[in-house]
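This report refers to the structure that appears directly beneath it.
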Ligand code: NAD
């Protein structure tokens, strides 16, 4: 089996502008078939060391001396190349992640858009002048951290690489990227395109490999100045502890159990596609998946029935056939979801999607499941499942809706559906989440919108202009001139 549209060798690492075969490899699996389709570079501590050294060299070379406008122009050129190759990137991602083609195309366009956005923003971040004592002039400079580490998960490789590497490069950092072992292909493709666009050697280095080897080596490296981690809570804790030993600042983008809250006066026709869509997008493997739907009690049965009808119409199948829902990433993830579904009380699964009859037997397919019945304290309603499973919960009034919505340890995204403007404003303030959507659900939203968690969903913000502050550090200059 080969990978359709692949134009480079994924068994190579990209360090300091040189592409070299790694001494070991990992199998690449197509989640739609369960078949091995290639070999991926398996870097470890030695490659991470070399990548950090190459990044440091870039900072004292052409890249470190380049002005902000020059960095912006390169990012814009990368964006143009990504756009030109969007269809290839989407096909590669579909086979590597099991992502339906339409979603993979959207991710490729988002990657291009991140480059365009951060390319345009590179020369627009300014410092301050600060009124101080008589005889002084005080101003601030925004400087890069130096070498930034980027550890990325498998669920949205292109979007997450775009948002974190794009912002870091815009601010003049040099990056070491460690993509997920389950899905590294588009990260490698992106680095090839960045090189083609004229990014100087060493400004962006990529070392695929396992979390325990390459990931842990990067998190614990004393040569990095900042670490951006997106992934699970368990790994986030390890990574933050490793970085703490070197007093390296960390951005943690972790999981969620995000609610959509539907009041009885909501426009249900507008809400329904997003109530379901934001739960099953990417087979529910989305940090900001709307995995809890809270419905005002007098509308509860009607919403459950309308969602159930949509669930019954959901088609599940191979990614390249562009189904509503693709396979899960791995047999392991399928087993996790299976364990959660086994916890559902008898009769509480009200509807399932349909797996296509000709879906390959080795693919990791799960028919989406809509659950109504378990209370807000049930593990199905509190824990991140990371599969196409949504739980619907009733509430009686605004007070109870807030209590249930804020009642998990997570706080990533929330949505409120109501026609009452005053209630919209109250709810937006009271919900504990990094993003709140009113009469919409953006699953993280556009590249312009700052994104990040509260509580166990993490800390720090990526995306939008806000990310540029995270990927830079303030220096205060105080001149006494009398
Ligand atoms: P994961 O934590 O298993 O892996 C994420 C990355 O960390 C991978 O690159 C992996 O190789 C690496 N890693 C694993 N062990 C490591 C270690 N000991 N040291 C350093 N790095 C290590 O997560 P996952 O299963 O790939 O991703 C799913 C999780 O990511 C979910 O919880 C999801 O909610 C979260 N996520 C969050 C966001 C967000 O923006 N908040 C976005 C996407 C995914």
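The values are calculated or read from the model by the stated rules, or taken from the named source; none is laboratory data. None of these values were measured; they are calculated from a predicted model. With ideal geometry, Cβ positions are generated from the backbone for all residues, glycine too; neighbour counts draw on all protein chains shown.
Just a yes or no: is a residue in region 117-138 more than 16 Å from the ligand (Cβ to nearest atom), surrounded by 18 or more Cβ atoms within 10 Å (Cβ to Cβ) and within 30 Å of residue 324 (Cβ to Cβ)?
Checked region 117-138: at least one residue is more than 16 Å from the ligand (Cβ to nearest atom), surrounded by 18 or more Cβ atoms within 10 Å (Cβ to Cβ) and within 30 Å of residue 324 (Cβ to Cβ).
Please go through (1) outside any loop (DSSP other than H, G, I, E, B); (2) within 16 Å of the ligand (Cβ to nearest atom) for residue 329 and return the number of the only condition it doesn't satisfy.
Tallying (1) outside any loop (DSSP other than H, G, I, E, B); (2) within 16 Å of the ligand (Cβ to nearest atom), residue 329 fails exactly one: (1).
Give me the pairs: first residue in region 178-189 and closer than 15 Å to residue 204 by Cα, second residue surrounded by 24 or more Cβ atoms within 10 Å (Cβ to Cβ) and at pLDDT below 95, beta-carbon distance under 8 Å, and six or more apart or on different chains, which are they?
Partner pairs satisfying both residue conditions: none exist.
Hey, which of the strands (runs of 3 or more DSSP E) in region 368-482, taking only ones fully inside, have at least 3 residues that are farther than 22 Å from residue 164 by Cα?
Result: 369-372, 389-395, 413-417, 472-480.
Results for (1) within 16 Å of the ligand (Cβ to nearest atom); (2) crowded, with 20+ Cβ neighbours inside 10 Å; (3) more than 15 Å from the chain's Cα centre (by Cα), shown as yes or no for each residue.
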position	(1), (2), (3)
178	yes, yes, no
187	yes, yes, no
210	yes, no, yes
246	yes, no, yes
253	yes, yes, no
256	yes, yes, no
268	no, no, yes
275	no, yes, yes
281	yes, yes, no
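Can you find a residue that is more than 12 Å from the ligand (Cβ to nearest atom), touching a strand residue (DSSP E or B) at 6+ places or on another chain (Cβ under 6 Å), farther than 18 Å from residue 108 by Cα and at pLDDT 95 or above anywhere in region 148-170?
yes
Which is more than 30 Å from residue 257 (Cβ to Cβ), touching a residue at least 60 places away in the same chain (Cβ under 8 Å), more than 13 Å from the ligand (Cβ to nearest atom) and buried (at least 24 other Cβ atoms within 10 Å of the Cβ), of 223, 202?
Just a single option satisfies the conditions, and that option is 202.
Would you check if residue 433 is in contact with a strand residue (DSSP E or B) (Cβ under 9 Å, 6 or more places away or on another chain), under 17 Å from residue 289 (Cβ atoms) and within 16 Å of the ligand (Cβ to nearest atom)? Quick ask: steps written out before the conclusion?
Details: in contact with a strand residue (DSSP E or B) (Cβ under 9 Å, 6 or more places away or on another chain): yes; under 17 Å from residue 289 (Cβ atoms): yes; within 16 Å of the ligand (Cβ to nearest atom): yes.
Yes.
Sort out which residues of region 454-482 are under 26 Å from residue 108 (Cβ atoms) and in contact with a strand residue (DSSP E or B) (Cβ under 7 Å, 6 or more places away or on another chain), and write them in order of number.
Within region 454-482, 458, 460, 461, 462, 463, 470, 471 meet the criteria.
Can you tell me which residue within region 447-463, out of those that are within 13 Å of residue 114 (Cβ to Cβ) and touching a residue at least 40 places away in the same chain (Cβ under 8 Å), is surrounded by the fewest Cβ atoms within 10 Å (Cβ to Cβ)? Quick ask: steps written out before the conclusion?
Filtering region 447-463 for residues within 13 Å of residue 114 (Cβ to Cβ) gives 447-449, 451, 462-463.
Remaining after also requiring touching a residue at least 40 places away in the same chain (Cβ under 8 Å): 447-448, 451, 462-463.
Numbers: 447: 23, 448: 12, 451: 24, 462: 24, 463: 26.
Only one residue fits best here, namely 448.
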